[in-house]
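All remarks here apply to the structure that follows.
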Amino acid sequence: MHSSKSYTLTEAQKKIERYCAYQDRCHKEVLGKLREMRMIPEAIDQIMTHLIQENYLNEERFAKSYARGKFSIKKWGRNRIVNELKQRQISSYNIKSALKEINEEDYLDTLNTLALKRLAQIHESNLQKRKKKLADYLLYRGWESNLVYEKLKELI
C-alpha cells in the first residue's frame, strides 16, 4: 500500500518538481500524486500554484505533447486522443490546441500505413468479416468512422 512517509512542504515540492520535470503531467496526475503523499489540501494548493507559476505544470503543453506522442508512437486517431484527454480533465480549448499538433497529411498517411499493415495480418476469406475486423481495429484506435469507411472501400 502507500508508504507512511510524511513530507515537509519543501520536500514534497522538490519531489513533485522532479516528477513534472521528468515528463509533462496533467493537473489530475499531480493532484493524485500529492494525495498519495498524504499532503493536506492547503499544502496541495500551495504546491500546485507554485508548479503552475514556475511552469512545471502547463496543461496546454501537456495536451500537445500527449497528442503528438500517442499519434506518432501508438498510432492513435483523434477520437481516442480526445477521449483520453477528456478523462484527464483537459479543457476543450487545450484539446483543440493539442489536435493542431497533428499534421493532416501525416495523419492520413499513418491511417493508410496502419490499415495496410493490419490488413496483411487478417487471415479471413469472408470479405464482410475481413472488413469488419479491419474497421474494428481502426475504430478502437480512435480513427474517425468516415475515414475508416473510406479506407475500407479503397482497400477491400
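Just so it is clear, none of the values below were taken in a lab; they were calculated from the coordinates. Quantities reported herein were computed from a predicted structural model and do not represent experimental measurements. Quick reminder, even Gly has a Cβ in these numbers, built from the backbone with ideal geometry, and neighbours come from all protein chains shown.
Here are some notes:
- Of the residues making up the stretch 4-49, those that are more than 22 Å from Y66 (Cα to Cα) and either in contact (Cβ under 8 Å) with a residue 40 or more places away in the chain or part of a loop (DSSP other than H, G, I, E, B) (or both) number 9.
- In the stretch 107-139, the residues that are free of Cβ contacts under 8 Å to residues at least 12 places away in the same chain and more than 18 Å from I156 (Cβ to Cβ): D109
- Residue check, N94 within 30 Å of H27 (Cα to Cα), among the polar types (S, T, N, Q) and surrounded by 11 or more Cβ atoms within 10 Å (Cβ to Cβ): yes
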